[in-house]
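The values are calculated or read from the model by the stated rules, or taken from the named source; none is laboratory data. Not measured: the values here are computed from a predicted model. Using ideal geometry, Cβ is built from the backbone for each residue, glycine included, and neighbour counts are taken over all protein chains shown.
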Amino acid sequence: MRLLRDSSRLVKLSYLEFDLEQIFTEGHYNDFAIMYRLLHATRMPIKCADSAESFIEQYHQDSLDAGSRIRDGLSQAVEDSILLFANGFLNNPHNNELRKQVIENDNFAQEFYETQLNLIYRLLFLMVIEERDLVYPKTQKKMEKDTKEPISEYTTAGTKESKGNIL
């Protein structure tokens, strides 16, 4: 089921989608409750002229505002992380060649920055897929689960568990 939003954008449509078959076959009752509350008639505008004051439009505006705040905070966190990692690599006594390259070659300094940016976004990606439990399917066979245990030591979730939630 999709709830389309009238949008002036032709490139990217705005909609909410609920997979009813999955909700009912897998028993996602919380998702159903969210869908029901969100799509209830009381959330919709009574007249087209009243659409700006409807709950559903307020939800949309709130989500845009929240997304903007998150992006702003994430940008600052990424910049801070780049500085932290770069300084760590550069301050390591075994990285004399790296320091020399960054000081002497402006192109290398830019490449070093881009490498740090790539590293941070890869780490963020890994943390998100682990948090959403997408690394290992929940319905793995017993044999496949046995391989998960040694690998979990190297995931951020495994690190949190073994090191007392250091992340």
Long-range neighbours under 9 Å by Cβ, at least six apart or interchain, first residue over 17 Å from Arg2 (Cβ atoms) within the stretch 38-67, second acidic (Asp, Glu) and in a loop (DSSP other than H, G, I, E, B): Ser51/Asp6
Consider Glu26 carefully, then state whether it is among the charged types (D, E, K, R), exposed (fewer than 10 other Cβ atoms within 10 Å of the Cβ) and at pLDDT 75 or above. no
Selection count where residues are within 26 Å of Ala109 (Cβ to Cβ) and either touching a strand residue (DSSP E or B) at 6+ places or on another chain (Cβ under 7 Å) or not in a helix (DSSP H, G or I) (or both), scope the stretch 46-97: 4
